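Inspection log for the structure reproduced underneath, given as structure tokens.
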Amino acid sequence: MAERWVSTRAGSHLAGRRKESTAPEVLLRKAVHAAGGRFRLHPRIAKGCTPDFVLPRRNVAVFVDGCFWHGCPEHGRKTPWSGPNAELWAEKMRRNAERDERASRLARECGWTVLRIWECEVRDDPLGVARRVLEPTVRAK
Ligand SMILES: [Zn+2]
């Protein structure tokens with residue numbers, strides 16, 4: 001499908017892709033580090049699978065997901081897309097979700113315990129999330 005985005009004022013601030021080292025990601029890394037966790041940033045552990053950081057000694061791979069792009073149940077879009085780009089948006093979000101699932105699966109196949117964390121969880125309670133990351137037996141959500 002050819003992508004023909006119609007530029008709208010509502011969408012202009014959303015231009016661009018997921019960035020590395022977003023604010024919640026940095027916040028969580030600081031909390032994990034303060035709690036004694038040692039990690040590697042953005043390791044490419046498989047093709048199409050680059051967690052935000054991993055804790056090699058614990059075999060934990062962490063993805064911090066932006067509420068909007070990854071469709072957090074609380075802050076993600078709840079109503080169908082509307083406007084000239086509705087279909088493109090829906091398709092884009094579907095692809096994001098597929099990419100997320102695939103990346104999680106690949107990481108698990110490589111032996112990592114996968115933790116996906118919403119950016120709002122980090123903002124609400126960075127230390128609590130850091131404790132979850134550092135739990136000896138974390139479970140994927
Ligand atoms: Zn959220």
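Dividing the summed -39500 (n - 2.57) terms of all DSSP H runs of n ≥ 4 by the residue count of the chain sets its mean residue ellipticity at 222 nm at -12000 deg cm²/dmol. Its residues counted as N, region 28-134 yields a C-alpha radius of gyration over 2.2 N^0.38 Å of 1.17.
So what is the relative contact order of the chain, in percent, for Cα pairs below 8 Å that sit 6 or more residues apart? Don't skip to the answer; put the middle values down first.
Numbers: 172 pairs, mean separation 40.9, N = 141.
Value for the chain: 29 percent.
Computed FRET efficiency, Cβ-Cβ of E109 and H33, R0 41 Å: what is it to the nearest 0.05? All intermediate terms of the calculation are to be shown ahead of the outcome.
Values: r = 28 Å, r/R0 = 0.68.
Calculated value: 0.90.
Toward the positive end of the charge dipole of region 28-134, with +1 on the Cβ of Lys and Arg and -1 on the Cβ of Asp and Glu, the farthest Cα among G76, F63, F53 is that of F53. Label sites at V6 and R57, each approximated as a point 7 angstrom past Cα along Cα to Cβ, lie 5.6 nm apart. Heavy-atom surface analysis with a 1.4 Å probe gives region 28-134 a carbon and sulfur content of 49 percent of its accessible area. For the chain, excluding the exposed loop sites themselves (GluC sites (Glu not before Pro), DSSP loop, at most 13 other Cβ atoms within 10 Å), the longest remaining stretch covers 75-141. No partner Cβ under 4.7 angstrom, meaning no disulfide-compatible partner by this rule: which Cys of the chain qualify? Flagged as lacking a Cys partner: C49, C110, C120. Rounded to the nearest 20 debye, the dipole magnitude of region 28-134 is 520 debye, with +1 charges on Lys and Arg beta carbons, -1 on Asp and Glu beta carbons, and the Cα centre as origin.
Solvent exposure of region 28-134, expressed per residue, is 55 Å² of accessible area, with all protein chains present and a 1.4 angstrom probe. In the context of the full protein assembly, R132 retains an accessible surface of approximately 80 Å², using a probe radius of 1.4 Å and ignoring ligands and nucleic acids.
The values are calculated or read from the model by the stated rules, or taken from the named source; none is laboratory data. Predicted, not measured: the structure shown is a model, and the values here were computed from it. Using ideal geometry, Cβ is built from the backbone for each residue, glycine included, and neighbour counts are taken over all protein chains shown. Note: areas computed on protein heavy atoms with side chains; ligands, DNA, RNA excluded. Shrake-Rupley method; radii C 1.70, N 1.55, O 1.52, S 1.80 Å.
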